[in-house]
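Some notes on the structure that comes next.
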Amino acid sequence: MVVLAASIVSKSGKVLVSRQFVDMSRIRIEGLLAAFPKLVGTGKQHTYVETENVRYVYQPIEALYLLLVTNKQSNILEDLDTLRLLSKLVPEYSLSMDEEGICKTAFDLIFAFDEVISLGHKENVTVAQVKQYCEMESHEEKLHKLVLQSKINETKDVMKRKASEIDKSKIEKNRGDKGGFMSLQSMGSGKIDNGLGDMGMSSGGGGGFGGSSGFGLGADAESFSSKPKGRPPSSATAPPKGLGMQLGKSQKTNQFLESLKAEGEVIVEDVKPNIGPSRSSVSLPTDPVTLSVEEKLNVSLKRDGGVSNFDLQGTLSLQILNQEDAHIQVQIETGGNPGILFKTHPNMNKELFSSENILGLKDPNRPFPTGQGSDAGVGLLKWRMQSTDESMVPLTINCWPSVSGNETYVSIEYEASSMFDLRNVIISVPLPALREAPSVRQIDGEWRYDSRNSVLEWSIVLIDNSNRSGSMEFVVPPADSSVFFPISVQFSAASTFSYLKVVNILPLRGGAPPRYAQRTQLTTENYQVV
């Protein structure tokens, strides 16, 4: 039995969803589905139609047809069994059996079809199993969300405690200020009154100075002490000595910083340090064992083509959180690249690695070091690869400057290898000193001009099968072609040259192996076109 395609079409012949399980062109599947409504007759009892090459097995669902396109050598009983299972799955994902409902859940239906049929053959699954597989519940994801939510809740609690402490300090400060002025007011016509009377001040008629000054002082004290209501007292927010003109100074400083930013300078603003580091700001591993595979590229390409230097260096590091998980061995697969030379740590058992690809300490009774933090990993394995083969280069850059009149036209194109999907690609092209930004005529991606360093940065977020090649064209005043070199390139990838993969964790003291995570990354250290 070989199912070529599973489709949902309307009775008028419009294709709503179609999933192919064998390699066929779009023109052929569209032709097969377009011919189906013409072959279906009315009043027939059977639900299959045969042509010279294929067989259509179908089932009406309200105003639609659920259709299987198979070859004529397939077992029709198995085809009908597959069709019945698919007919049960369609209502589970699509609430309405019309064109709008099917189109809204098209991807869910395709994923469900993939769980039922694999490479044209039916899988032994039920409706409940298909729904469970498509939900893709992950224990690691749930654990990550719980840890993240606990960090958020902890941060909120700290924030509430800090806010209550600040409110208490404000209330105590207000009480202290009011008490001080109350003591001044209670002095009445004592020494303060006498001092003021000696200065020749009077109330201007009747009542004597003592009562008048006592009243005036009390009114001033009461009005002054009532000002801080609803905000912290002035002493709590008073600026340090010598910073009385801070407001005007900050405005000028901000204008100056904005002008620097406009020129392309990266400005790091002053940030007051927190009293204590927040636990949620540090990303700590949640898995008991974490293995990190990292490769760094040092590549020098010739501007006329060819490779002058290709140097790849990789490391495999191990980080263990708990002491009880430290007595382990790591089994890996190296991918079989003959150009890569592996070198184990001096404490590793080299014979065990050479024969079985297992990384373990020479003394099996000795545990691996444990700890947290970015520098807590232990290096297990290193490798290196050098080559002059241009096909090994993940990204090549071609730069074509040409002078025409009073302008220089620069065309740059990139070509990416199909080995990797490159992320956060930045191509930095040096430019001659310019008064204004260059005129970018065409670009696949985004660009930014750093006027301070006179560099044009071409950035592409992701390079995959949809954009393995791209180009940019810009115009500058006349300049020599050597000005535009060397071109620097930065990128990262989630796969590596070594294809190194951790297969299993082997506990040396029995029991279940600890849960582990593998992190893989390829980065550029020095990647230039000279």
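The values are calculated or read from the model by the stated rules, or taken from the named source; none is laboratory data. Bear in mind that the values here come from a model prediction, so they are computed numbers and not experimental data. Cβ coordinates were reconstructed from backbone atoms using ideal geometry, including for glycine residues, and neighbour counts include every protein chain displayed. Protein only, heavy atoms only, side chains kept; ligands, DNA and RNA dropped before computing areas. Shrake-Rupley method; radii C 1.70, N 1.55, O 1.52, S 1.80 Å.
Assorted remarks:
- Volume per residue of the C-alpha convex hull in the stretch 397-525, rounded to whole Å³: 136
- Backbone phi angles across the stretch 113-127, fed through the Karplus curve with coefficients 6.51, -1.76 and 1.60 (θ = phi - 60°), yield HN-Hα couplings of 4, 5, 6, 7, 10, 10, 6, x, 10, 6, 8, 7, 9, 10, 4 Hz in residue order; Gly and Pro are listed as x.
- Cα shape, the stretch 1-153, gyration tensor, a/c 1.5 rule: prolate
- Listed residue (Asn406, Thr290, Ala493) projecting farthest to the positive dipole end of the stretch 284-529, Cβ model: Thr290
- Shape category assigned to the stretch 450-530 from the gyration tensor of Cα positions, a/c cut at 1.5: prolate
- Gyration tensor (alpha-carbon) shape descriptor, the stretch 284-529, a/c threshold 1.5: prolate
- Cα-projected label distance for Asn365 with Glu333, points at 7 Å along beta-carbon direction, nm: 3.6
- Checked against a 25 Å cut-off, the cross-linked pairs Lys122/Lys145; Lys88/Lys122; Lys72/Lys131 give Cα-Cα distances beyond that limit for Lys122/Lys145; Lys72/Lys131.
- The modelled label-to-label distance between Leu506 and Glu154, using points 7 Å beyond Cα along the C-beta direction, is 3.7 nm.
- For the peptides 109-119, 144-154, the ranking by mean Cβ contacts within 10 Å, running from highest to lowest, is 109-119, 144-154.
- Summarising the amide proton neighbourhood of Ala5: residues at separation of 5 or more, or on other chains, whose placed amide H is nearer than 5 Å comprise Phe21, Val69.
- Within straight-line cross-link reach of Lys173, aspartates and glutamates at Cα separation under 17 Å, skipping those fewer than 8 residues along the same chain: Glu165, Glu222
- Between amide H atoms placed 1.01 Å from N, distances below 5 Å from Leu16 occur with Ile8, Val9, Ser10, all of them 5 or more places distant or on a separate chain.
- Rounded to the nearest 20 debye, the dipole magnitude of the stretch 284-529 is 640 debye, with +1 charges on Lys and Arg beta carbons, -1 on Asp and Glu beta carbons, and the Cα centre as origin.
- Solvent exposure of the stretch 421-495 as accessible area per residue, Å², 1.4 Å probe: 51
- Cut-off under 5 Å, modelled amide H: who pairs with Glu50 long-range: Tyr56
- From most to least packed by mean Cβ count within 10 Å, the peptides 314-326, 504-516 give 314-326, 504-516.
- Eligible aspartates and glutamates near Lys104 by straight Cα distance, threshold 19 Å, same-chain separation 8 or greater: Glu62, Glu92, Asp114, Glu135
- Rolling a 1.4 angstrom probe over the stretch 371-473 with all protein chains present gives an accessible area of which 42% lies on carbon and sulfur atoms.
- Each of Val57, Ala35, Gln20 was placed along the dipole of the stretch 13-86 (beta-carbon charges, centred on the mean Cα), and the one lying farthest toward the positive end is Ala35.
- In the stretch 364-460, taking the dipole from charged Cβ atoms about the Cα centre, the farthest positive-side position among Gly379, Ala437, Thr396 is held by Gly379.
- Rounded to the nearest 20 debye, dipole of the stretch 458-530 from Cβ charges on Lys, Arg, Asp, Glu: 700
- Whole-Hz Karplus values for the stretch 381-388 come out as 8, 10, 8, 8, 9, 10, 7, 10 Hz, taken residue by residue from phi with 6.51 cos²θ - 1.76 cosθ + 1.60 and θ = phi - 60°; glycine and proline positions read x.
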